[in-house]
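Worksheet: one structure, shown below.
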Amino acid sequence: MAISFKKSYKFAVKSASYITLFSVACLAILKEFYPYITWEVIAFYCAPLFLFSFFVLQYRVERFIYRRVKKIYDDVSLLESSTFRNKPITTDMATLTMEVQKFARDKKIEIETLKIREEYRREFLGNVSHELKTPLFTVQGYLLTLLDGAMNDKSLRKKYLQRAEKGVERLIYIVQDLDMITKMEVGDLNLTFSVFNIIEVVQNVFDLLEMKADKKGIMLMFDQKYIKPVMVYADREKIQQVITNLVVNSIKYGKENGTTEVAVEDLVNNKIIVRVKDNGDGIEAKHIPRLFERFYRVDKSGARSEGGSGLGLAIVKHIIEAHEEKIYVESKPGQGSEFSFTLEKTK
């Protein structure tokens, strides 16, 4: 490490001045006893004495402080603080104090972040365990029932095997979503950009989910009739997955005989915004910051009875952020929810 001595010599100047004044006083007293000591001699020695005292004090004090300050830097280096370790060692107490305080604040923030991550990890593992446990126990229950004798009943055998198959399908669905979101979080999401009509993609999603919506009497609709295509530049497959997840959520949490409305609006700077709105029960404000967490559910019991992996919104967020776009949520209890995201518009 380089040494950066303090450039302010206030301490050394004051101390050297005191020594010089004391020496002048002593010589003035001696002048009374030794006539050859004149004021000219005293004045001649004042400047060299002051300079000698100044440089000796400055050097010795700085070296004294440096040895002790260096130990602080060495101790901090053991904590692997690269920003602190790479700086030159300064003997300026004010600068050193600020650097140590900044180091302490950074470490406090780092510790708090680690605590939050640890809490999130525990919650995540608990959610994964719960999500996997439900279909596993379902499959196990039906298979054990068949092994206990129900296999001899042909109608029961088929019914139980079909239910066990649904449990396996949900397990596969959860594992596939976990695999996908893991790849997204490590940056292994490969996007294939192309120009396509976003209205056509939304209509495809409506066609795919029409039967699911009909079961709850929910109408899938646009906010208006789009005569002209709205062309965007993005990964068509991934954006279709985003819209599918948002529409599925609107059906899942929407009121029976309600509506799911999709709007596509122009924004500034060659951007559009896609809005997916339902007229369901809405979401309380305290839940909104955590909506995009993995396995986070607003209504724990009701949501699980509806099925799904609990990863839909987390996947949506990662896909939109991979496009370097933004996603927004607006919701009020009793007034429904609106999820919206931006995309790059092209001609």
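Laid out as a table, the results:
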quantity: Condition broken by MET180, with the remaining ones in (1) of a type in the set (A, V, I, L, M, F, W, C); (2) out of contact with any Pro (no Cβ under 8 Å at 6 or more places or on another chain); (3) assigned by TED's automatic domain parsing to the domain that holds SER331; (4) assigned to a helix (DSSP H, G or I) satisfied; calculated: (3)
quantity: Candidates ILE198, ILE181, ILE218, filtered to the one that is hydrophobic (A, V, I, L, M, F, W, C), modelled with pLDDT under 85 and surrounded by 13 or more Cβ atoms within 10 Å (Cβ to Cβ); calculated: ILE181
quantity: Single residue of ARG290, ARG294, ARG304 found to be under 29 Å from ILE172 (Cα atoms), modelled with pLDDT under 85 and surrounded by 18 or more Cβ atoms within 10 Å (Cβ to Cβ); calculated: ARG294
quantity: Leading residue by the ranking (nearest to PHE11 (Cα to Cα)) among those in region 27-64 that are surrounded by fewer than 12 Cβ atoms within 10 Å (Cβ to Cβ) and small (Gly, Ala, Ser); calculated: ALA47
quantity: The listed residue being of a type in the set (A, V, I, L, M), touching a helix residue (DSSP H, G or I) at 6+ places or on another chain (Cβ under 6 Å) and part of a helix (DSSP H, G or I), out of VAL248, VAL242; calculated: VAL242
quantity: Members of region 338-347 found to be at pLDDT 90 or above and either within 16 Å of ILE283 (Cα to Cα) or exposed (fewer than 15 other Cβ atoms within 10 Å of the Cβ) (or both), listed by number; calculated: GLU338, PHE339, SER340
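The values are calculated or read from the model by the stated rules, or taken from the named source; none is laboratory data. Here the structure is a predicted model, which is why all the values come from computation and not from measurement. Virtual Cβ from ideal backbone geometry, glycine too; neighbours counted across all protein chains shown.
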